[in-house]
Amino acid sequence: MPITGWDDAPSDAITKFNFHNTSLWLRALARVPFFERYAYPIAVKRGLGTIWLPGTTDNNFENFLNVGWKVNYGLPSDHELFLQGSKALLTKRSTEFRRPKLAITRLGKELAWTKAIHRANGTLKFLSNETSPFNDLKN
């Protein structure tokens with residue numbers, strides 16, 4: 001089943017799926033190998049998929065909106081990057097980075113790496129509260 005942006009997202013686009021705000025059966029489907037491939041199109045149809053398209057692409061944004069994507073322009077904010085583990089605070093304390101435990105699905109790997117990064121940075125409390133030290137209004 002082709003879904004705009006799912007099969008043909010531009011190479012410079014960033015996609016994020018929010019399985020935290022959905023039903024238990026969809027979260028479970030996203031954590032089961034082989035069946036996880038069906039969870040992502042369902043998530044897009046339910047409006048749980050966010051795509052960031054750079055301003056220089058000439059894609060038809062209406063196609064993405066009509067399918068169910070939440071379309072944003074440019075890059076994610078510092079707050080969003082911090083919560084997913086792509087932006088960190090610099091500290092003088094050195095903490096050993098431990099690789100995450102075995103995860104076999106895309107969602108499981110993403111959650112495990114995010115938690116491992118926040119544990120090493122000492123910011124796990126921010127992740128559990130879904131807050132960040134970065135001001136969302138700067139971007």
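None of Asp12, Asp7 is open to solvent by 90 Å² or more (accessible area, probe 1.4 Å) and either modelled with pLDDT of 90 or more or part of a loop (DSSP other than H, G, I, E, B) (or both) except Asp7.
If the condition is being open to solvent by 30 Å² or more (accessible area, probe 1.4 Å) and in contact (Cβ under 8 Å) with a residue 40 or more places away in the chain, then region 37-55 contributes only Lys45. Step by step: first the residues of region 76-104, then only those that are at pLDDT 80 or above and aliphatic (A, V, I, L, M), then the one that is least open to solvent (accessible area, probe 1.4 Å). Which residue is that? Result: Ala103. Look at Asn63 and say whether it is surrounded by 14 or more Cβ atoms within 10 Å (Cβ to Cβ) and either in contact with a strand residue (DSSP E or B) (Cβ under 7 Å, 6 or more places away or on another chain) or in a helix (DSSP H, G or I) (or both). Judged against the criteria, Asn63 is not a match. The combined condition, being in contact with a Gly (Cβ under 8 Å, 6 or more places away or on another chain), assigned to a loop (DSSP other than H, G, I, E, B) and at pLDDT 85 or above, is fulfilled by Gly47. Exactly one residue out of Leu127, Leu107, Leu29 is surrounded by 12 or more Cβ atoms within 10 Å (Cβ to Cβ), at pLDDT below 85 and in a helix (DSSP H, G or I), and it is Leu127.
The values are calculated or read from the model by the stated rules, or taken from the named source; none is laboratory data. Just so it is clear, the model here is predicted, and its values are computed rather than measured. Backbone-built Cβ (ideal geometry, glycine too); neighbour counts: all protein chains shown. Areas reflect the complete protein model, heavy atoms only, side chains present, ligands, DNA and RNA absent. Shrake-Rupley method; radii C 1.70, N 1.55, O 1.52, S 1.80 Å.
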